[in-house]
Amino acid sequence: MKEKFAVRKDILLKEREYGGLLVNPQLNEKTYLNQTAFCILSLFDGENALEDIVNQLSEEWHVSPDELACDIKEMVEDFIRTGIILKGEKRVPSAYTGTVLDRATVEVTRRCNLRCRHCIIGASPSGGKDLDNKVLYDVIDQLVAAQVFELTLTGGEPFLRPDFCDILSYAQERMLCTILTNGMCIGEEEIENLRKINPKLIQVSLDGATPETHDAIRGEGAFEKTVQIIKKLVEAGLTVEIATVFSKFNIHEYSLMIDFAKKLKVDALDASELLPQGRGKKLQEYCLSLEENCEYKKYYYEKTLTEKEIKIGGGQALDFLQNPLSSEEKSPRRDLCYAFRNSLVIKADGVVIPCLSLDEEEFHMGSILEQPLAEIWNAPQYVKLRTLSVSDCQECSQCIYVRICGGACRARVYQASGDLKGPPDRVDCESRKAVYHFGLNKWKPGTTIEEFYQLLDRSGEQ
């Protein structure tokens, strides 16, 4: 009897224009595959023996079976040796149609030990009920069936749940997990559990390089407790990122944040800006000006060119410029953000929304307490939302930077105008343009945007 193999059940294969992604939760790894490798791997479904696969491909590719078997033998043997392909496995096709899910964010609670001035969801110690743990495990199973490969677990403060590490462990065995936390509810037991689980990333909020600045935003004593936990997480060998939200409260420390993050020996620093949402609605006068926004992003970009000890992120514009010809998804063109293509958020009350910044009634797509996730994702109203394109946004579609910007942040557009297709937020838009121009000139001095697009097109063809 012919031996039949399949790609291991916990490994995700995601088709892309360039080929595909292989996601291995056990190793917290994503591997980009060319079209040949993806095509071969996708045929290992437990129904085909290697000989059957060779015969099928030899007919499609017009290559002799002997020659093809010789060509792919080493690759297949390597996949078997590393446990990517196993004997006797069977893979179940996804129940999701059209655009498939890649990423999900799940609020395990809206309760939080803090009342941060700028919290996007207005979390507090009395923030309502948590999602039932049985529901959470079922949601994780549904996300796995949807072939989600990156899961962000957030709150509120997720570590307020005594069962959070159990939930995380279950999810990390199946997906690449990121935790968003303020760190203050993490004790020695949680650190030991985290060390065993080894999530992809622990993102800890730190909004200043000094106690005076951080505590003015998050509460007295928060700085010292958070810093001590960061040190312990780093000492435990975990991958740690500091997340900073810049506003007029703390923008004066933007350069100090990099130095302080390096001193703490974290792996990364990710910066964003205050949005007028949640409690932030009352802080609009503290949002960054165009000049402040451009100043810190240009500084951070220059640091990415020389900084070896730490990875620095600062939104889509800065992330793009760190490797202009090779974006994360190997795509030469952007069209809006993940929220309109392949990601979703499940709130602590079970409601599904496209993005944490689009938590308005019109974007409530259904509830996982009432419907299967696949039914919500494939429903007409959600499909319609995913058909939105930057070409539908008149002002952005005419912009010279549209191919690399993709239409700015539609949530900020909606907050400003009440229309997803409306004109972009001025500060967001103009700061992106300024940073793109600055970064591309640093990357390849004198290059026009038209010349860059020619380079981009050629890189996409390779």
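The values are calculated or read from the model by the stated rules, or taken from the named source; none is laboratory data. Remember, predicted model here, so these are calculated numbers, not experimental data. When we count neighbours, we look across all protein chains shown, and the Cβ atoms used for this are built from the backbone with ideal geometry, even at glycine. Just so you know, the surface numbers come from the protein's heavy atoms only, side chains and all, with ligands and any DNA or RNA stripped out. Shrake-Rupley method; radii C 1.70, N 1.55, O 1.52, S 1.80 Å.
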Residue in region 160-192 that is farthest from Ile140 (Cα to Cα), counting only those that are at pLDDT 95 or above and of a type in the set (D, E, K, R): Glu188
Pairs needed: first member in region 369-385, farther than 12 Å from Val351 by Cα; second member anywhere, open to solvent by 60 Å² or more (accessible area, probe 1.4 Å) and modelled with pLDDT under 95; C-beta distance under 6 Å; at least 6 residues apart or different chains. Ala374/Ala95; Asn378/Thr97
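Output yes when any residue across region 20-29 is of a type in the set (A, V, I, L, M, F, W, C), closer than 30 Å to Pro199 by Cβ and open to solvent by 80 Å² or more (accessible area, probe 1.4 Å), and no when none is. Can you show your working first?
Narrowing region 20-29 to residues of a type in the set (A, V, I, L, M, F, W, C): 21-23, 27.
Narrowing the set further to residues that are closer than 30 Å to Pro199 by Cβ leaves 21-23, 27.
With the extra rule that they be open to solvent by 80 Å² or more (accessible area, probe 1.4 Å), the set shrinks to 27.
Yes: region 20-29 contains one or more residues that are of a type in the set (A, V, I, L, M, F, W, C), closer than 30 Å to Pro199 by Cβ and open to solvent by 80 Å² or more (accessible area, probe 1.4 Å).
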Sole exception among (1) on the phi > 0 side of the Ramachandran plot; (2) modelled with pLDDT of 90 or more for Gly98, by number: (2)
With the checklist (1) more than 20 Å from the chain's Cα centre (by Cα); (2) at negative phi in hand, flag the one item Gly88 doesn't pass. (2)
What are the pairs with Cβ atoms under 8 angstrom where one residue, in region 429-440, is at positive phi and the other, located anywhere, is open to solvent by less than 10 Å² (accessible area, probe 1.4 Å)? Sequence gap at least six, or different chains. none
Tell me, please, whether a residue that is touching an Asp or Glu at 6+ places or on another chain (Cβ under 6 Å), buried (at least 18 other Cβ atoms within 10 Å of the Cβ) and of a type outside the set (Asp, Glu) can be found in region 410-431. yes
In region 223-246, is there at least one residue being modelled with pLDDT of 95 or more, farther than 25 Å from Ser289 by Cα, within 23 Å of the chain's Cα centre (by Cα) and of a type in the set (Asp, Glu)? yes
Condition test on Glu430, is it more than 28 Å from Pro354 (Cα to Cα) and among the acidic types (Asp, Glu)? no
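If you check Asp359 against the conditions, is it at negative phi and either open to solvent by less than 20 Å² (accessible area, probe 1.4 Å) or in contact (Cβ under 8 Å) with a residue 24 or more places away in the chain (or both)? Break it down stepwise before answering.
Working: at negative phi: yes; either open to solvent by less than 20 Å² (accessible area, probe 1.4 Å) or in contact (Cβ under 8 Å) with a residue 24 or more places away in the chain (or both): yes.
When the stated conditions are applied, Asp359 passes them.
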Which of the residues spanning region 223-281 are crowded, with 20+ Cβ neighbours inside 10 Å and of a type in the set (Gly, Ala, Ser)? Ser247, Ala261, Ala271, Gly280
It is to be established whether one or more residues within region 208-226 are outside any helix (DSSP H, G or I) and of a type in the set (A, V, I, L, M). yes
Please work out which one of (1) crowded, with 20+ Cβ neighbours inside 10 Å; (2) part of a helix (DSSP H, G or I) is the condition Met184 fails and give its number. (2)
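Yes/no matrix, rows are residues, columns are (1) touching a residue at least 12 places away in the same chain (Cβ under 8 Å); (2) more than 30 Å from Glu29 (Cα to Cα):
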{"residue": "Ala209", "(1), (2)": "yes, yes"}
{"residue": "Asp215", "(1), (2)": "no, yes"}
{"residue": "Gln228", "(1), (2)": "no, no"}
{"residue": "Glu235", "(1), (2)": "no, no"}
{"residue": "Met257", "(1), (2)": "yes, no"}
{"residue": "Leu264", "(1), (2)": "yes, no"}
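Residue check: is Pro199 of a type outside the set (Val, Ile, Thr), open to solvent by 10 Å² or more (accessible area, probe 1.4 Å), at pLDDT 95 or above and under 20 Å from Ile140 (Cα atoms)? Walk me through it before giving the result.
Values: of a type outside the set (Val, Ile, Thr): yes; open to solvent by 10 Å² or more (accessible area, probe 1.4 Å): no; at pLDDT 95 or above: yes; under 20 Å from Ile140 (Cα atoms): yes.
Taking the combined requirement at face value, the residue does not satisfy it.
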